[in-house]
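I have placed the structure first, in the form of structure tokens, so that the comments after it can refer back to it.
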Amino acid sequence: MVKALEGVKILDFTHVQSGPTCTQLLAWFGADVIKVERPGSGDITRGQLIDVPGADSLYFTMLNHNKRSITLDTKNPQGKRVLEEMVKTCDVMVENFAPGVLDRMGFTWERIQELNPRMIVASIKGFGPGPYEDCKVYENVAQCTGGSASTTGFRDGLPLVTGAQIGDSGTGLHLALGIVTALYQRTHTGRGQKVTCAMQDGVLNLCRVKLRDQQRLDHGPLEEYSQFGEGIPFGDAVPRAGNDSGGGQPGRILKCKGWETDPNAYIYFITQAPVWEAICDVIGEPGWKTDPLFAKPKARLPRLNQIFERIEHWTMSKTKFEAMEILNQYDIPCGPILSMKELAEDESLRATGTIVEVDHPVRGKYLSVGNPIKLSDSPTEVVRSPLLGEHTEEVLTQVLKFDPKAIDEIKASGALGDTGRLAAE
Ligand code: COA
């Protein structure tokens, strides 16, 4: 079966997390992703958080499936020659270098256009144009500057970063959408274009509801925030809302049976208005269905603590899975707090390929998150990440069509690294 992006060639000049998540998705959709790595070391994550000595780290393997790897010193003139051929041959270049790096390498937008006017150049930077545009940025910097940290955590505690990598993987996702959109536009215009996504912007996009609340603050307190019921005045910026739900339906994380010893024995419980009567029946408070203090959503807002305490009394008598099963019979929205261990062992996630077991020649079997986006006509087969420079020879000959003499010259220059030079000697 032909894959959705079959025939699209990607010059993958990405590293660490944000860029690689983007190109991995494109590879899963069938693009030929050729990762250009620095000879000797490669993507820095290959050697970060090592768990199996001598093997590429899980950090690297889990972000670089289905790609080919070529080692190339792009500051070496022969390396530049190879990169130029790649620019001419590929449809998209994806990069997430620090600002200015690509220009310093000699690959400005103008130069790339000269080489290939159809090329789409997709970049992730920490910030867009403005006071911080030259800064190097990592995940938590983006979470902090994009509005996530100031709105995460409890009102009386520190700002918090989240475990979900919304700055890196989130921006990678945004960029992937920009790339396929530009590829589509190119089918009409025949021209490439620049696609850029700043991590701050990506995080802010995911914090859209908090900018909504910032403006609502001008018109009075945010009544669905627990703080309102607790009688604590609001300041001039959106506060941290603990585990309050982001929508208009009050929700909390509540203890379940076993919480004393199991750090994940909790359930998220939403007191959604349309199922309020069912909630009252389930927790054993049928009187609340008609009691004017509880019957209507607005009346409940000032007494959410009392309500959730009562609901928690009920959830503590059930395991999180029992509670999930019972509540779902009444369409009461809830979600058990699943640990990474539980997710790794989840059979349904394995069955859909969202959790996959991959075999690697050096590290052996490991688990990864597969493609969360399912296309019925373009199923994803997760293929292990490449070893450093595994496909250098193959790309030079088959993709870039260098003849043996040219390959010898390139190898002799050291542009492919020591292995290449030795092979030529
Ligand atoms: N051959 C030769 N040189 C290479 C090369 C190759 N194959 N690949 C990279 N380099 C060089 C670059 O040319 C650059 O050299 P220069 O500074 O002399 O111009 C150098 O490697 C370092 O690149 P840089 O991107 O600055 O890496 P870094 O490790 O210093 O910074 C980041 C890492 C992630 C902070 C930075 O790349 C960045 O801010 N990226 C944008 C935001 C981003 O994606 N952040 C999230 C990462 S998960």
Out of residues 5 or more away from VAL195 or on other chains, whose amide H comes under 5 Å of its own, with H placed 1.01 Å from N in the peptide plane?
VAL121, ALA122, SER123
If Lys and Arg each add +1 and Asp and Glu each add -1, what is the summed charge of the other residues whose beta carbon sits under 14 Å from the beta carbon of ASN116?
+2
Identify which of ARG118, ARG310, ARG38 has the largest mean-square fluctuation in a Gaussian network model of the chain, with springs joining Cα atoms closer than 10 Å.
ARG310
Note, the range 47-64: 3J(HN,Hα) by Karplus (6.51, -1.76, 1.60, θ = phi - 60°), whole Hz, Gly/Pro = x, goes x, 9, 6, 5, 10, 10, x, x, 9, 4, 5, 5, 3, 6, 4, 7, 10, 9
Highest to lowest packing among 332-340, 374-382, scored as the average C-beta count within 10 Å
332-340, 374-382
Looking at the chain as a GNM with Cα springs under 10 Å, which of GLU230, GLU393, GLU95 has the largest mean-square fluctuation?
GLU230
GNM result for the chain, Cα springs below 10 Å: residue of HIS188, HIS65, HIS360 fluctuating most strongly:
HIS188
Report, in whole Å, the centroid distance computed from the Cα atoms of the range 169-195 and the range 381-414.
27
Whose amide H sits under 5 Å from the amide H of ARG68, counting only residues 5 or more places off or on another chain, with H placed in the peptide plane?
VAL33, ILE34, LYS35
Which percent of Cα-Cα pairs in the chain sits in each 10 Å bin, short to long?
4, 18, 24, 22, 16, 10, 5, 1, 0
Residue-count net charge about ILE373 - beta-carbon cut-off 15 Å; Lys, Arg +1, Asp, Glu -1
0
Spatially close lysines, pair count over the range 259-416: Cα under 28 Å, gap of eight or more or interchain:
11
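Add +1 for every Lys or Arg and -1 for every Asp or Glu among the other residues with Cβ under 10 Å from the Cβ of GLY248, and state the total.
Details: positive: none; negative: GLU223, GLU224.
That works out to -2.
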Pop out the ³J(HN,Hα) list for the range 369-386 in order, Karplus 6.51 cos²θ - 1.76 cosθ + 1.60 with θ = phi - 60°, rounded to Hz; leave Gly and Pro as x.
7, x, 7, x, 9, 9, 10, 5, 9, 8, x, 9, 10, 7, 10, 3, 5, x
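Each reported figure results from applying straightforward, stated rules to the coordinates on display, with no laboratory input. Keep in mind the model is a prediction, meaning the values are calculated, not measured. Counting neighbours? That spans all protein chains shown, and the Cβs are built from the backbone with ideal geometry, glycine included.
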